[in-house]
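Below you'll find the structure, written out as structure tokens, and then a few comments.
The values are calculated or read from the model by the stated rules, or taken from the named source; none is laboratory data. Not measured: the values here are computed from a predicted model. Note: ideal-geometry Cβ built from the backbone for every residue, glycine included; neighbour counts use all protein chains shown. Ligands, DNA and RNA are excluded from the accessible area calculation, which covers all protein heavy atoms including side chains. Shrake-Rupley method; radii C 1.70, N 1.55, O 1.52, S 1.80 Å.
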Amino acid sequence: MKQQLLEKFAAVFGDAEGAKVYFAPGRVNLIGEHTDYNGGHVFPCALTIGTYGVARRRADDALHLYSANFEQLGVVKSSLKELIFSKEADWTNYPKGVIWAFGQKGMPVTGGMDLLLWGNIPNGSGLSSSASVEVLTGFILRDLYGFEVSNQELALIGQYSENHYNGVNCGIMDQFAIAMGKADCAIFLDTATMEYAYAPIRLEAMKLVISCSNKKRGLGDSKYNERRTECETALERLQKVTGIRTLGDLDEDTFEKVKDVIGDKTLIARARHAVYENRRTLRAVEALRANDIATFGRLMNESHISLRDDYEVTGRELDTLVEEAWKIDGVIGSRMTGAGFGGCTVSIVKEEAVDVFCQQVGAAYRRAVGYDADFYVVQIGGGPTQL
Ligand code: GLA
């Protein structure tokens, strides 16, 4: 892989003198969805699929950026003086946003760069290809320019660039899961305190299956920011009668007692999801620690129902994938993962049922939606690394 990437780099940039090869994973969230910007808990893991980068410094201030996933765009040329979001800059807004964010954080990048990327995360699948590119860029900048930043800070810088350069008000989950990934472990993160713990995932005789709806989604044009605002409004109203700082501070009983102050059916439903999903995540992690995978799976299913009915971020494609998965013997749990509105689902499936799963869910999906879904059996991998 390393050799192939260096050859490709040489083909694009003339030679591969001084170029180094890096990797950052994608992520899948097992449970705790739309809780990370509500001061709640999340439980994602890094994957062995992700984004590869080949990079070297330049003597001038030019940025020559090339993605083997978007070859038709060729080398996209700009410079350190042009760190402003633009639609035409397309995918390069992600690495450029991170370079910009380093500057904002007092670490100006002083020299240009040749950068080639290639990713094997299905694009727009909801497995965080953009956060993967962001963390990868930060990891490369740290190495090439000698910045002293921890992986956790790389996650925060990635989020900062997504929020302030790319205009998506995302939480910290994706960048954190990617920057802090650990093989065979999910990360139990409290987004209110940033305390975290690794939880080994031992899926004996079971597999993690990703079903990709192939309904493309960009966070920017989705209703993601709208959901976030709805939660903020609900929180403000709840704060009139409670001392909470975030929706994650509430338990279910207290929520039921005070919810009417929100005064709007839709906003109550949004807040209910945030509160219940956070508590579900705590219970799910407890179940996993007790090796009670059946309960973990049931909570995954409940999470989907809440995202479908209260948070309304699923849609026909994701609902079809999940509801068909639930019908299959050997499915421990299945739910949408990531922001929703398209993207993919995650299912825990007994090994012997994986083939039937892909066949049956695949056929039902094609019948209902009119095009194919794709299925991937994934492994939990580590964080960013140099190859
Ligand atoms: C996207 C965002 C995350 C998180 C999820 C929903 O992936 O980037 O911060 O909010 O959606 O859980």
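In the chain, how does Rg compare with the Kirkwood Rh, expressed as the Rg/Rh ratio over alpha carbon atoms?
Numbers: Rg = 20.9 Å, Rh = 21.4 Å.
Using only Cα positions, Rg/Rh for the chain is 0.98.
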Over the chain, the sum of -39500 (n - 2.57) across DSSP H runs of at least four, divided by residue number and rounded to 500 deg cm²/dmol, gives at 222 nm -13000 deg cm²/dmol
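What does the highest-first list of 370-381, 266-277, 308-319, 80-91 look like by mean Cβ count within 10 Å? Walk me through the numbers before you get to the answer.
Numbers: 370-381: 16.2, 266-277: 22.8, 308-319: 19.7, 80-91: 13.9.
Packing proxy ranking, top to bottom: 266-277, 308-319, 370-381, 80-91.
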Helix 265-289 sits off the longest principal axis of the Cα atoms of the chain, rounded to the nearest 10 on a 0 to 90 degree scale, by 80
Computed from every Cα-Cα pair in region 226-301, P(r) in 10 Å bins starting at 0 and rounded to whole percents is 20, 45, 24, 11, 0
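If packing is taken as the mean number of other Cβ atoms within 10 Å per residue, what is the order of 227-237, 128-138, highest first?
Numbers: 227-237: 18.5, 128-138: 29.8.
By packing density, highest mean first, the sequence is 128-138, 227-237.
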In whole percent, the fraction of accessible protein surface over the chain that belongs to carbon or sulfur atoms, probe radius 1.4 Å, stands at 47
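Percent relative contact order of region 157-215, based on C-alpha pairs within less than 8 angstrom and at least six residues apart? Can you show the working numbers first?
Numbers: 38 pairs, mean separation 11.6, N = 59.
Value for region 157-215: 20 percent.
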Whole-Å distance linking the alpha carbon centroid of region 274-288 with that of region 326-364 is 21
Rounded to the nearest 10 degrees, the helix 224-238 long axis (Cα) sits at an angle to the longest Cα principal axis of the chain of 50
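Net charge near Gly171: determine it from the other residues with C-beta under 9 Å of the C-beta of Gly171, scoring Lys and Arg +1 and Asp and Glu -1. Mind dumping the intermediate values first?
Details: positive: Arg228; negative: Asp36, Asp174.
Residues close to Gly171 contribute a combined charge of -1.
Over every pair of different alpha-carbon atoms in region 322-387, take the mean of 1/r and invert it; report that Kirkwood radius in Å. It would help to have the intermediate numbers written out before the result.
Working: mean 1/r = 0.0759 Å⁻¹.
Value: 13.2 Å, from the Cα pair sum.
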At 37 °C and 0.692 mPa s, the Stokes-Einstein diffusion coefficient in µm²/s for region 163-245, with hydrodynamic radius from the Kirkwood sum on alpha carbon pairs, is 202
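Quote the relative contact order of the chain in percent (integer), defining contacts as alpha-carbon pairs under 8 Å separated by 6+ residues. Please report the intermediate quantities before stating the final value.
On the way: 812 pairs, mean separation 90.7, N = 387.
Across the chain, relative contact order equals 23 percent.
Listed highest first by mean packing, meaning other Cβ atoms within 10 Å per residue, what order do 3-13, 251-261 come in?
Those peptides, ordered most packed to least, come out 3-13, 251-261.
Mind checking the per residue accessible area of the chain for me, 1.4 Å probe, whole number of Å²? Each step should come with its number before you reach the end.
Values: 15630 Å² over 387 residues.
Ligands and nucleic acids excluded, the figure is 40 Å² per residue.
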